[in-house]
Amino acid sequence: MIVGQIKEGIVLDHIKAGRGMKLYDVLKLGELDCSVAVIVNAESEKMGKKDIIKISGLIDIDFNILGFVDPGVTVNIIKDSKVVKREKIALPEKITGLLKCKNPRCITTVEQELQHVFKLCDEDNKVYRCIYCETKADLESIE
Amino acid sequence: MRSVIDIMDLSLEEIDGLLNTAEDIIANPKKYADACRGKKLATLFFEPSTRTRLSFEAAMYELGGNVIGFSEASSSSSAKGESISDTARTISCYADIIAMRHPKEGAPYVASLKATVPVINAGDGGHNHPTQTLADLLTIKREKGRFDSLTIGLCGDLKFGRTVHSLISAMSRYSNVRFVMISPDELKIPDYVKQNVLIPKGIEYKEVKSLEEAMPELDILYMTRVQKERFFNEADYIRLKDTYILTPEKLSGAKDDLCIMHPLPRVNEISVAVDDDKRACYFKQVLNGKYMRMALILKLLEVEV
């Protein structure tokens with residue numbers, strides 16, 4: 001399958017197969033005016049299968065949420081149909097205000113003003129935990 | 001200004017220091033009788049407690065200090081909708097140190113972020129209870145004479161049992177400690193305790209269901225209550241509450257120098273008949289708790305005696 005090259009924009013490459021639509025949702029790409037292509041199950045020498053997202057516009061990407069959903073993603077910035085910048089995502093130390101603690105016993109369930117903050121506790125297994133009650137965040141924790 | 005929210009907020013050296021202070025208090029109580037003269041402890045208990053609150057209050061009185069506070073959320077401004085942060089700031093204007101218990105996990109941590117005086121976590125939901133752990137450590141030191149090379153059986157509600165979580169964290173810092181987790185499937189130790197503490201530190205542990213089978217290898221048996229207040233569904237509580245009841249018969253295969261502990265209160269998980277066994281240490285734990293809270297108050301108030 002061929003999806004045309006973009007002249008100016010962003011290509012999110014090496015997305016773990018199956019995570020593309022999740023990223024599309026959490027990055028709110030559906031709300032953009034520009035065209036967005038989500039390619040799922042593309043062949044990859046390195047990964048076997050991967051997802052790719054092409055965005056025909058230079059938007060601000062929330063790298064924290066991107067790192068949480070899939071830290072293996074490569075961000076390619078395209079200008080004049082050429083890759084001018086290629087960035088690997090690093091896992092953020094803290095994620096503030098993007099994830100919601102699901103523990104019904106957590107103080108965040110009653111203190112409405114309190115920011116939901118998650119801290120990276122295990123880099124190898126990409127585990128984030130609520131700083132208040134230590135509950136583990138997962139993809140369902142994304143607000 | 002230091003707060004203690006998690007037992008891991010204290011280094012091993014600091015815990016040793018607290019244990020030494022507590023033993024000095026036991027040996028020379030008069031020396032400490034005026035140590036906190038003019039100081040006030042605020043006990044902010046948003047959840048019912050007899051032991052912990054009275055232990056903190058007795059500790060402060062025995063140090064010559066005074067106590068203010070409340071013992072249930074309905075008699076505090078939280079009933080009017082005040083936030084934990086505002087309560088902490090306000091109480092900081094009245095007291096020199098705060099001991100807080102709250103049913104929501106992380107509440108004392110939130111308080112410590114805004115308070116201008118030290119905050120001690122006196123229990124937050126099913127999460128942590130560091131001063132109970134200090135009581136447990138003094139009990140283990142006095143009864144076993146060591147912290148290393150111990151096989152510790154943890155029995156009952158290991159999911160919501162905050163004392164268990166704090167004790168595992170604390171004991172995991174000593175060498176050659178093994179844990180035997182005895183619980184029904186529904187009340188197994190939470191995954192964060194395994195992933196944060198047991199697995200990274202390579203600590204040997206096993207999860208079993210039979211108390212009798214685990215008994216012969218234990219140096220310490222830490223019993224816990226299945227806590228009704230942690231269940232959203234009463235049917236689950238009723239189904240699980242009588243899973244483990246320690247009786248003299250079940251102790252028949254135990255070591256002679258087993259140390260039986262329980263953070264109390266108990267309901268029926270330790271038969272009263274066990275109280276007369278020389279291995280029963282749970283009422284000593286209560287007393288040790290007061291001494292360790294005295295030591296902690298002195299440390300956080302930076303009082304030299």
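The values are calculated or read from the model by the stated rules, or taken from the named source; none is laboratory data. All values derive from a computational prediction rather than experimental measurement. Methodologically, a virtual Cβ is constructed for each residue, glycine included, from the backbone with ideal geometry; neighbour enumeration extends over all protein chains shown. Ligands, DNA and RNA are stripped out before the accessible areas are found, and what is left, the full protein with its side chains, is counted by its heavy atoms. Shrake-Rupley method; radii C 1.70, N 1.55, O 1.52, S 1.80 Å.
Rounded to whole numbers, the Karplus 3J(HN,Hα) couplings from phi for segment A:26-34 are 6, 7, 6, 5, x, 8, 7, 7, 6 Hz, using 6.51 cos²θ - 1.76 cosθ + 1.60 with θ = phi - 60°, and x at Gly and Pro. For chain B, DSSP calls about 5 percent of its internal beta bridges antiparallel. Burial of accessible area (probe 1.4 Å, heavy atoms of protein chains only) in segment A:103-122, relative to its chain alone, reaches at least 20 Å² for A:Pro104, A:Arg105, A:Ile107, A:Val110, A:Glu111, A:Leu114.
Rolling a 1.4 angstrom probe over the protein heavy atoms with all chains in place gives segment B:130-285 an accessible area of 40 Å² per residue. Burial here means at least 30 square angstrom less accessible surface with every protein chain in place than with the chain by itself, probed at 1.4 Å; in segment B:181-202 the buried residues are B:Tyr192, B:Gln195, B:Asn196. Applying both filters, DSSP loop and at most 16 other Cβ atoms within 10 Å, to the GluC sites (Glu not before Pro) of segment B:1-94 gives B:Glu72, B:Glu82. State whether segment B:94-163 is rounded, prolate or oblate according to the following rule on the C-alpha gyration tensor (a ≥ b ≥ c being the square roots of its eigenvalues): a/c under 1.5 gives rounded; otherwise a/b larger than b/c gives prolate, and the remaining case gives oblate. The shape class here is oblate. In terms of the Cα gyration tensor, with a ≥ b ≥ c the square roots of its eigenvalues, is chain A rounded because a/c is under 1.5, prolate because a/b exceeds b/c, or oblate? Judged from the Cα gyration tensor, chain A comes out prolate (a/c at least 1.5, a/b above b/c). Residues in segment B:29-121 average 43 Å² of solvent-accessible surface per residue, probe 1.4 Å, ligands and nucleic acids excluded.
At a probe radius of 1.4 Å, figure out the A/B buried accessible area, summed over both chains, and give it in Å² to the nearest 100.
Its buried surface, counting both partners, is about 1600 Å².
Close amide H pairs (under 5 Å, H built 1.01 Å from N) link B:Cys259 with B:Ile220, B:Leu221, residues at least 5 positions away or on another chain.
Most simply put, the protein assembly as shown has about 50% antiparallel DSSP beta bridges, counting only bridges with both residues inside it. Of the residues making up segment B:209-249, those losing 50 Å² or more of accessible area when the isolated chain is joined by the remaining protein chains, with a 1.4 Å probe, are B:Phe232. For chain B, with all protein chains in place and a probe radius of 1.4 Å, 49% of the accessible heavy-atom surface sits on carbon or sulfur.
From most to least packed by mean Cβ count within 10 Å, the peptides A:44-54, B:173-183, B:133-143 give B:133-143, B:173-183, A:44-54. At full extension, B:Leu287 and B:Ile199 could sit 28.4 nm farther apart than now, given 0.36 nm per residue minus the alpha carbon distance.
Take each residue of peptide A:133-141, count the partner chain Cβ atoms within 10 Å of its Cβ, and average: the result is 4.
Pairs exceeding a 21 Å alpha-carbon distance, out of A:Lys16/A:Lys46; B:Lys40/B:Lys299; B:Lys141/B:Lys228; B:Lys201/B:Lys284: B:Lys141/B:Lys228; B:Lys201/B:Lys284. Across peptide B:97-110, the mean count of Cβ atoms from other chains lying within 10 Å of each residue's own Cβ comes to 4.
Peptides B:200-212, B:240-252, ordered by how many other C-beta atoms sit within 10 Å of their residues on average, highest first, read B:240-252, B:200-212.
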